[in-house]
Amino acid sequence: MGLTAGAVVPAVGFASSARAASRTSAASSAASTDSSLVFDPSGYTELTTSITDTTGTAHEVVYHFYKVASYVANPVDATYQSLNVSVPVKIDGSVVDASGAPVLFANQVGGYMPSSVANATGVGAGGGMGPGGPGGPAPAADSAASRQQLALAAGYVVVEPGARGRSLVDSSGTYYGTAPAAIVDLKAAVRYVKFNKGRIPGDVDRIVSAGVSAGGALSSLLGASGDSPVYHSYLEELGAADASDAIFATGAWCPITDLEHADMAYEWNWGANALSSGSTVDQTVSKALAGAYGDYLASLRLTAKGFGTLTARNLDEYLVRTHLEPSATTYLAALPDADRATYLAANPFITWSGGRAAFSWADFLTHVGARKKDTPAFDAFDLSAGENNEFGTGTTANRHFTLYSLRHEEGARARLDSDIPAKLHLMNPMYHLVDKVNENRSKHWWIRLGTKDSDTALTVASNLAARLKNLGDDVDTSYYWDAGHGADNDPGDFVKWIATVSGHRS
């Protein structure tokens, strides 16, 4: 990136505090007013960088870079419970006033693993899914700009929080980053930002979350669960700031969420597809899980225009007509005529007529080909999946979190550990949108997924979007044709979308 330091002001260095947090009101969780949570507006390093936008135009951006040692008064591990703030002050030589700009709150969690920005030296340079890896350097100037960098070049304030993750274990062998640590940390970081309204530049009432994969799930959860009381005790224990953790808008790419039903969804979607080795998964298990998915889908009572209530019998048609054919149409329409003809010749399952693509669900599954995961995809029988680790506790690294997998291994009388149901609620945005409808959820949603993403089921994102639409929220959903896990084919549009929904004028 060629970061160059300008006038350097001593960086923020908030010390951890042992002072206990105090409960304040039913509307906001028990929280801390500890002085260590007061943001210092003068504690920045001024940096200059070149950011190339999605049109290929390079912009020189001068910004103030703040490092916050911890966003809670009682951190468990400040290496992860820290955040960075980047504020543009000059773009292409013109002074920028970011005091009323929206705030992009971009987590870089991947695989529910820990994410740290403690060693990052500039915007877009730290985290788990980020370009440089955990605490790594910023990407080279000629590489694709990160979502955070594009937002900064658009004049937005960028907050990059770290969060604990499932693999963290202390010297006694105790896991301290398993569920619900990551979402609690991100909520605490939002509270820190809002607590410092008027000190942190930007409009903290216009926070827009963004995340990919597990980070997309956490972004969705932030949006769905704003100010939910079920997190209060966890936030109180950390000494989280006395403020709201509700956010304004949510961006989620390929969210790996709804974990207690994810195995069912995966088999309903990909059950007939072979693995990359060519072998077929256990069809007895696959069909049992796929069959159970119908009951879960019915319990959601999702409806869609032209389809009525979504069920296991019409969900495939709904996915094809609502998400997949429009995705293929957008892709094909953008190709030059000769390239489109070549693609259609190689993929005769697509009918191209009147500028629109059409095909069947069965042909689409054949087109995708190999599935990524064996069955069960998330609650593995042998406890080998990352999600088994996500629900570990104490010195137990991995646990089952679905009755199906538990009873497959331990017998029909086995019972899930007593804390599992509550933790599933803490980690699932659908709980806050269906079971306990949260009026403090964000009302603006940007949801994206690749059509060849078999890291999860295509139904997860579609169910989330359908439920939000049923609740009356503003939902912008698009599937990227032939794209895999983690794809982001329209980052510039996302940055523009933030301006539109927040009413920001640069």
- Item | Evaluation of Thr309 against (1) open to solvent by 40 Å² or more (accessible area, probe 1.4 Å); (2) touching a residue at least 60 places away in the same chain (Cβ under 8 Å) (one fails), failing number | (2)
- Please enumerate the residues belonging to region 376-407 that are surrounded by fewer than 21 Cβ atoms within 10 Å (Cβ to Cβ), touching a residue at least 40 places away in the same chain (Cβ under 8 Å) and within 21 Å of Tyr266 (Cα to Cα). Gly386, Tyr404
- When region 384-423 is checked residue by residue, the ones that are more than 17 Å from Leu168 (Cα to Cα) and of a type in the set (Lys, Arg) are Arg407, Arg413, Arg415, Lys423
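Out of everything in region 244-273 that is assigned to a loop (DSSP other than H, G, I, E, B) and in contact with a strand residue (DSSP E or B) (Cβ under 7 Å, 6 or more places away or on another chain), what residue ends up being nearest to Ser502 (Cα to Cα)? Give the steps one after another, and end with the answer.
Our first condition is that a residue be assigned to a loop (DSSP other than H, G, I, E, B); within region 244-273, this holds for 244-248, 254-258, 271-273.
Still in the list and also in contact with a strand residue (DSSP E or B) (Cβ under 7 Å, 6 or more places away or on another chain): 247-248, 254, 273.
Values: Ile247: 12, Phe248: 8, Cys254: 23, Asn273: 42 Å.
Out of the qualifying residues, it is Phe248.
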- Query: Does region 212-231 include one or more residues that are part of a loop (DSSP other than H, G, I, E, B), touching a strand residue (DSSP E or B) at 6+ places or on another chain (Cβ under 7 Å) and surrounded by 23 or more Cβ atoms within 10 Å (Cβ to Cβ)?
  - Reply: no
- Query: Among (1) modelled with pLDDT under 95; (2) open to solvent by 30 Å² or more (accessible area, probe 1.4 Å), where does Asp316 come up short?
  - Reply: (1)
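Given the condition assigned to a helix (DSSP H, G or I), over 30 Å from His504 (Cα atoms) and aliphatic (A, V, I, L, M), answer yes or no: does some residue in region 301-313 qualify?
Just the residues of region 301-313 that are assigned to a helix (DSSP H, G or I), to begin with: none.
Within region 301-313, none of the residues are assigned to a helix (DSSP H, G or I), over 30 Å from His504 (Cα atoms) and aliphatic (A, V, I, L, M).
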- Message: Quick check on my filter: what residues within region 312-347 are among the polar types (S, T, N, Q) and in contact (Cβ under 8 Å) with a residue 12 or more places away in the chain?
- Response: Thr322, Ser327, Thr329, Thr330, Asn347
- Having 1 or more residues that are modelled with pLDDT of 95 or more and either out of contact with any helix residue (DSSP H, G or I) (no Cβ under 6 Å at 6 or more places or on another chain) or over 30 Å from Phe391 (Cβ atoms) (or both) is the bar; report the strands (runs of 3 or more DSSP E) wholly within region 1-115 that clear it. 45-52, 58-68, 83-91, 103-106
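The values are calculated or read from the model by the stated rules, or taken from the named source; none is laboratory data. Quick caveat, the model's predicted, so the values are computed rather than measured. Cβ coordinates were reconstructed from backbone atoms using ideal geometry, including for glycine residues, and neighbour counts include every protein chain displayed. Only protein heavy atoms, including side chains, enter the accessible area calculation; ligands, DNA and RNA are left aside. Shrake-Rupley method; radii C 1.70, N 1.55, O 1.52, S 1.80 Å.
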